[in-house]
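The values are calculated or read from the model by the stated rules, or taken from the named source; none is laboratory data. Worth saying up front: this structure is predicted, and the values here are computed from it rather than measured. Cβ placement follows ideal geometry from the backbone for every residue including glycine, while neighbour counts extend to all protein chains displayed.
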Ligand SMILES: [Zn+2]
């Protein structure tokens, strides 16, 4: 592709990241993406996407075609996406005698300890979710029509071919994962429900959200220790966060700042922003470690690498680097030696429960999303399938109303699943070369930096091959999940 196209594409991504940063950091009240899409509309007209799809000779060409085709879909759906976002931002419900925003209600749900109140709040939230479903159905139908217009048989073949995932094979592997972890999941779930005094035959997804929030472990993860724990982790592998001039650490408290850490890659590798508002608690540690993994990958990407390798490609790769860090919360040695946290058996058991939960949930989501995107009839039948597939995997009641809101574009669930598989390969290699305490050896940092330099030139399968495996091996992940928590 022409240099001019690549330059404009990079400017477009920089403008999007800057806007997400301004809004998420609480520096700007609104998120105005439409003007950015309008300014760069030439990048993803049907005609330019058509040309790029036809010219997929090299990996760099394929990254560019993937970018253009997905952004084309995004910009076609932009008006509906904004309608949904605005409707959600403006929606309110009655709670405790007050009118509160829908999104606040949603975040209160996971923290409500009283089960009867939780049920009540959940029902009110679901009623609003239900109201937004027709718009979501319209948006999905529009995307399905668009991909056919671009010459693909459907949404799954479109994603599969452009992302290079082999979704049917991944789906088969995930059925294996569900089957091999079910005998482990059932007793772990029963134990967690018993702890929360919830009857298994009554349990639903809001109970699970509350249990996964695990407020009982929050005292282990104080706010003051959050940044020092990250700094010590990076120092252990030879990285001084403080002296990284291309990572801008934004820790300032602002009323409108996102409560969740995030990473905004404005320019890769020269301007990467890592944004947090420290609150403390396990989830806060997990999200900071995760986002720091993204930030380090991006900040260490070779500045001389071509744009398609620095900024585009298979996001399973950057997600795997993020998982390398957030999974440290399962390691008793890291907790004790680096974070200064004394975990007990209950915590370590919980940490594994949490991991299995996510894998099983995403495995079921993949199966469901394949059915969703293959269907021309959105409605009660699919909603029932959502409830059935997710319910079977989770072992609790999953309300059908979320059958359209619990879906990310572009089979992002598959990207996460591939990333979880790749993370085990990376961790095995780190342990093999640098020992169980790899996170305290600068050599491990050099090993990671060597891979980070590539940006996303290699996809997750190729990266597994570079590490000496025939490809991504789901059995490594299954074995990791089945292994008992370390003492
Ligand atoms: Zn991530």
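The table for this structure:
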{"quantity": "Subset of region 43-79 [part of a loop (DSSP other than H, G, I, E, B) and under 16 Å from residue 146 (Cα atoms)]", "calculated": "45, 77"}
{"quantity": "Failed criterion for residue 419 (all others in (1) closer than 28 Å to residue 486 by Cβ; (2) more than 16 Å from the ligand (Cβ to nearest atom); (3) part of a helix (DSSP H, G or I) hold)", "calculated": "(2)"}
{"quantity": "Some residue of region 335-343 being buried (at least 22 other Cβ atoms within 10 Å of the Cβ), under 21 Å from the mean Cα position of the chain (by Cα), more than 12 Å from the ligand (Cβ to nearest atom) and not assigned by TED's automatic domain parsing to the domain that holds residue 30", "calculated": "no"}
{"quantity": "Options 94, 169, 119; residue that is modelled with pLDDT of 95 or more and part of a strand (DSSP E or B)", "calculated": "94"}
{"quantity": "Check on residue 104, free of Cβ contacts under 8 Å to residues at least 40 places away in the same chain, within 20 Å of residue 205 (Cα to Cα) and exposed (fewer than 14 other Cβ atoms within 10 Å of the Cβ)", "calculated": "yes"}
{"quantity": "Which listed residue is within 28 Å of residue 164 (Cβ to Cβ), away from the ligand (no atom under 16 Å from the Cβ) and modelled with pLDDT of 95 or more, from 265, 269, 332", "calculated": "269"}
{"quantity": "The lone exception for residue 258 - which of (1) within 15 Å of the ligand (Cβ to nearest atom); (2) over 23 Å from residue 64 (Cβ atoms); (3) crowded, with 19+ Cβ neighbours inside 10 Å it fails", "calculated": "(3)"}
{"quantity": "Residue match in region 21-35 (condition: touching a residue at least 12 places away in the same chain (Cβ under 8 Å), under 30 Å from residue 251 (Cβ atoms), in contact with a strand residue (DSSP E or B) (Cβ under 8 Å, 6 or more places away or on another chain) and part of a helix (DSSP H, G or I))", "calculated": "yes"}
{"quantity": "Which numbered condition residue 378 misses (of (1) touching a residue at least 40 places away in the same chain (Cβ under 8 Å); (2) closer than 20 Å to residue 424 by Cα)", "calculated": "(2)"}
